[in-house]
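Working notes, structure below.
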Amino acid sequence: MKQLLKVFGLICALMIVGYGTAQAHKVTIFAWVEGDRIYTESKFSGGKRVKNGTVTVLDNAGSQLLEGKTDDNGEFSFKTPEANGLTIIINAGMGHRNQWTLSAAELGAAEGDPAVTAVAAPAVDGQPEPVSPNVATGLSAAEVEAIVARQLEEKLRPLTHMVAESREKGPSVADIFGGIGYILGLVGLGAYVRYRRENRSS
Amino acid sequence: MHISEGVLSGPVLAAGAAVALAGTAAGLKKLELDRVAQTGMLAAAFFVASLIHVPIGPSSVHLILNGVVGLLLGWAAFPAILTALLLQAMLFQFGGLTVLGVNTVIMAGPAVICYYVCGPLVLKSPPVAATAAFVAGAGSVLLAGVLVGVSLVFTGENFLEVAGLVVAAHLPIMVIEGIVTVFCVAFLKKVKPELLPGYKAGKSV
């Protein structure tokens with residue numbers, strides 16, 4: 001019994017050491033729409049970027065639209081294809097794979113009208129910050145919409161990243177103890193079954 | 001060393017599941033009452049070991065410990081590793097439920113091989129025992145890497161390329177696990193030699 005306690009102590013020690021660097025052993029991909037392009041970022045959950053991983057883009061029907069390789073930062077971007085929602089798959093090799101889905105709403109919302117964006121861009125660059133009411137009325141509704149969309153995208157980018165990162169939290173202490181608890185429970189169950197069998201046969 | 005869901009084809013998954021099932025049945029059948037607790041402890045160690053990352057090399061690698069598990073458990077490594085992998089899949093999202101069988105075979109298969117190859121040597125003289133333990137720890141990781149390559153062959157990847165990549169990524173792990181296994185065996189030999197394979201009561205070590 002003393003021995004078992006020792007082993008258990010060792011496991012706990014390993015766990016504490018492990019928890020400091022607890023990272024999931026898996027690959028994740030995160031994709032977002034910006035203007036008329038889609039950007040993707042892939043990494044192993046330890047934060048290591050996926051270099052030279054294969055990114056495959058499928059439409060809703062599951063047919064392949066395009067394929068590409070991630071660069072040294074684990075990034076890959078492509079022009080938004082005409083599709084009703086996309087599934088973006090990262091294959092980092094060695095059996096590591098994951099996917100991210102972009103819904104039609106996400107694709108449509110950020111797409112906007114490229115022509116309007118192009119027109120609006122120089123206009124907004126030329127404006128000094130406090131826009132006087134007369135100048136503002138000079139912009140059409142569509143132009144205002146495009147400017148707001150562009151600005152929002154820019155402001156929200158760090159936030160989207162944060163959300164994506166918080167989704168990738170490594171295992172929590174509760175998970176680890178829960179798992180060990182399950183194993184101990186199974187040990188009890190196994191011992192009980194064995195004990196009964198041996199008692200019956202003897 | 002966990003293969004993700006959606007990578008492998010159906011037949012490979014089915015074959016992996018079948019082999020894992022057979023191995024688990026064999027392991028449970030051979031499991032004696034006084035080894036149940038030990039099996040559980042090692043399953044717990046295996047379960048936790050995957051959280052210890054080694055930030056060396058191109059990929060993300062972590063300890064596996066299948067050599068130690070195999071050396072001490074023999075066929076019982078199958079149920080132990082299956083249980084630990086199931087919990088890792090559910091709680092940590094490592095691997096997945098459909099690839100559970102394949103992943104079990106990848107890690108438990110080499111464990112059992114090590115038990116038969118290195119097991120009989122760990123009670124011999126210290127240099128032989130230490131070498132055998134190191135080979136068990138490092139070799140089981142190496143074999144697991146080879147098995148990853150084998151399972152990915154059917155998805156159109158080049159076997160040598162994948163196996164080479166996996167093994168290269170796990171080189172530091174192999175060294176670490178070899179050393180861990182050496183210490184583990186030396187420690188057990190001193191305090192509780194009956195846990196080691198092939199131990200017979202009364203035999204001096």
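For the reader, a short list of remarks on this structure follows.
- Per residue of B:86-97, other chain Cβ atoms within 10 Å of the residue Cβ number 5 on average.
- A crude spin-label estimate for the pair A:ALA164 and A:ARG196, with each label 7 Å from Cα along the Cβ direction, gives 5.2 nm.
- Sites B:TYR199 and B:ALA26 - FRET efficiency at Förster radius 22 Å, r taken between beta-carbons, to 0.05: 0.55
- Each of B:LEU143, B:LEU72 has some number of other Cβ atoms within 10 Å of its Cβ, and from fewest to most they run B:LEU143, B:LEU72.
- To the nearest ten degrees, helix B:159-169 and the longest principal axis of the Cα atoms of chain B are 60 degrees apart.
- Taking other residues whose beta carbon is less than 12 angstrom from the beta carbon of A:GLY95, and scoring Lys, Arg as +1 and Asp, Glu as -1, yields 0.
- Region A:60-100 shape via C-alpha gyration tensor axes, a/c threshold 1.5: oblate
- In plain terms, the chain from A:VAL144 to A:ASP71 could stretch by 22.8 nm, reckoned as 0.36 nm per residue minus the Cα-Cα distance.
- Note on A:GLU82 and A:SER63: their simple-model spin labels are 1.2 nm apart, each label 7 Å out from Cα toward Cβ.
- Pairs of Cα atoms nearer than 8 Å and 6+ residues apart set the relative contact order; for chain B it is 25 percent.
- Of B:LYS124/B:LYS190; A:LYS26/A:LYS155; A:LYS48/A:LYS69; A:LYS43/A:LYS155; B:LYS124/B:LYS192, pairs whose Cα-Cα distance is over 25 Å: A:LYS26/A:LYS155
- Per-residue ellipticity at 222 nm, computed for chain B from helices alone with -39500 (n - 2.57) per DSSP H run of at least four residues, works out to -22500 deg cm²/dmol.
- Farthest positive-ward along chain B dipole, Cα basis, beta-carbon charges - from B:CYS118, B:GLN93, B:ILE3: B:CYS118
- In region A:25-111, Cα pairs under 8 Å separated by at least six residues give a relative contact order of 33 percent.
- Kirkwood radius, region B:57-102, all distinct C-alpha pairs, inverse of mean reciprocal distance: 11.6 Å.
- Within straight-line cross-link reach of A:LYS79, aspartates and glutamates at Cα separation under 17 Å, skipping those fewer than 8 residues along the same chain: A:GLU34, A:ASP36, A:GLU41, A:ASP59, A:GLU67, A:ASP71, A:GLU106, A:GLU111, A:ASP113, A:GLU153
- Distance between the 7 Å Cα→Cβ label points at B:PHE154 and B:ALA186: 4.3 nm.
- Kirkwood hydrodynamic radius (C-alpha pairs) into Stokes-Einstein, region B:1-74, 37 °C and 0.692 mPa s, D in µm²/s: 226 µm²/s
- Computed over chain B, the percent of Cα pairs more than 32 Å apart is 13.
- Each residue in A:TYR192, A:TYR182, A:TYR39 was given a count of other beta-carbon atoms within 10 angstrom of its own, and listing them fewest first yields A:TYR192, A:TYR39, A:TYR182.
- Per-residue mean of foreign Cβ neighbours for B:29-38 is 4 (Cβ atoms of other chains, 10 Å radius).
- Using only side-chain charges placed at the Cβ, +1 for Lys and Arg and -1 for Asp and Glu, the dipole size of region A:25-111 relative to its Cα centre rounds to 520 debye.
- Furthest towards positive pole of dipole, B:LEU152, B:ALA163, B:PRO127, structure part region B:123-195, Cβ charges: B:PRO127
FYI, it's all coordinate maths here, none of it is from the lab. Note that this is a predicted model, so its numbers are computed, not measured. Note that we place each Cβ from the backbone using ideal geometry, even for glycine, and neighbour counts take in every protein chain shown.
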